[in-house]
Amino acid sequence: KCIFVGNLPFNVKEESLWQYFSSCGDIVNVRVVRDKATSVGKGIAYVEFQDRVSVSLALELNETELEGRKIRV
């Protein structure tokens, strides 16, 4: 029930992803992978949904634009 999201802007916030994917269904958790030393995002994140139907809907957002970048789901 978790998806990988790549090609994100390095300054993306968890709230932005939460809002972007909320149309797909109930989200349990959003985790942006960050550099431990600088706390700058690495351009990837994980979004966990309540159910598998939401995952299918989220996969349809592959190659859509978030904050000026085409994301990979």
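No value in this document is a laboratory result; all are computed from the given coordinates. In this text, all values refer to a predicted model and were calculated from it rather than measured experimentally. Cβ coordinates were reconstructed from backbone atoms using ideal geometry, including for glycine residues, and neighbour counts include every protein chain displayed.
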Original post:
What ³J(HN,Hα) values, in whole Hz, does the Karplus curve 6.51 cos²θ - 1.76 cosθ + 1.60 give for the range 23-35 when θ = phi - 60°, with x put for Gly and Pro?
Top reply: 5, 7, x, 6, 9, 8, 7, 10, 10, 8, 7, 10, 5
Subject >> Hydrodynamic radius by Kirkwood, which averages 1/r over all alpha carbon pairs of the chain, in angstrom >> reply: 12.1
Original post:
So what's the net charge close to Val33: Lys and Arg +1, Asp and Glu -1, counting the other residues with Cβ under 12 Å from its Cβ?
Top reply: +2
Subject >> Proximal charge balance of Val47 [Cβ under 14 Å; K/R count +1, D/E count -1] >> reply: -1
Subject >> the chain, helix-only ellipticity at 222 nm - DSSP H runs n ≥ 4, -39,500 (n - 2.57), divided by all residues, nearest 500 >> reply: -6000 deg cm²/dmol
Original post:
Counting pairs on different chains as well as pairs 8 or more places apart, how many Lys pairs in the chain have Cα atoms under 17 Å apart?
Top reply: 4
**OP:** For every other residue with a beta carbon closer than 13 angstrom to the beta carbon of Lys1, add +1 if it is Lys or Arg and -1 if Asp or Glu, then tell me the sum.
**Re:** -2
Original post:
In terms of modelled amide H atoms, which long-range or inter-chain residues lie less than 5 Å from the amide H of Leu66?
Top reply: Ile71
